[in-house]
Amino acid sequence: MEYFAKFGDFQFDVLREVGNIGAGHAATALSKLIQKEIDMKVPQVNIIPFDEVANCVGGPEAIVVTVFLRVEGDCPGNMFFILDMPSAEHVLEQMIGEVKSVEEWTELEVSALHEVGNILTGSYLSSLADFTNLNLQPSVPALAVDMAGAILSYGLLELGRAGDFALTIDTAFFEGNEKVQGHFFLIPDPESLKILFRSLGVPFDGDY
């Protein structure tokens, strides 16, 4: 994490632009999925230590819906898309109507949220690939409903390698007065952020 103290406005502008493009594509995909107009708030982009990720979604014990996948290709890493329960329930209401308590969810609810997570993570990943001209290939996504801390630990165990920091993109999608708060976390493998920034012409580490 020491290197990120050197980040200036330009480096964060690059990250925000990636976040904006990805959020725009994700909003369009979500709008098509629920067949309603979706607006989005400008994403908040940051880089944080991995052990602070759970705090961004309400703490390690917060119950959340998470889609997680492995990114392979030129810039390997792990990706998580996390919804808090009110947001997940609103998405379900728009997709299938009646919303049950999480204890009563069936394959219908799980499949619907899996589809949402799959589409939105795909939107962000394809935007990042287009913006950087890198080959980024997603694994088959997995979905889990559990405490945030448990999901993150299990997800990284299942996905394999882990970096020590996360690129966070927090985006609020609005359908009328209803808000869906989505949290995207890209956790690059140790060498991947250097590859990502060099692909954008941004000096990194020894390039200074």
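Go through region 34-48 and give me each residue that's modelled with pLDDT of 80 or more, open to solvent by less than 50 Å² (accessible area, probe 1.4 Å) and of a type outside the set (Val, Ile, Thr).
If the condition is that a residue be modelled with pLDDT of 80 or more, open to solvent by less than 50 Å² (accessible area, probe 1.4 Å) and of a type outside the set (Val, Ile, Thr), then no residue fits.
Inside region 64-79, can you point out the residues that are out of contact with any Ser or Thr (no Cβ under 7 Å at 6 or more places or on another chain) and crowded, with 16+ Cβ neighbours inside 10 Å?
Passing the criteria: 64, 65, 66, 68, 71, 74, 78.
The values are calculated or read from the model by the stated rules, or taken from the named source; none is laboratory data. Quick caveat, the model's predicted, so the values are computed rather than measured. Reconstructed Cβ throughout: ideal geometry from the backbone, glycine too, with neighbour counts over all protein chains shown. Just so you know, the surface numbers come from the protein's heavy atoms only, side chains and all, with ligands and any DNA or RNA stripped out. Shrake-Rupley method; radii C 1.70, N 1.55, O 1.52, S 1.80 Å.
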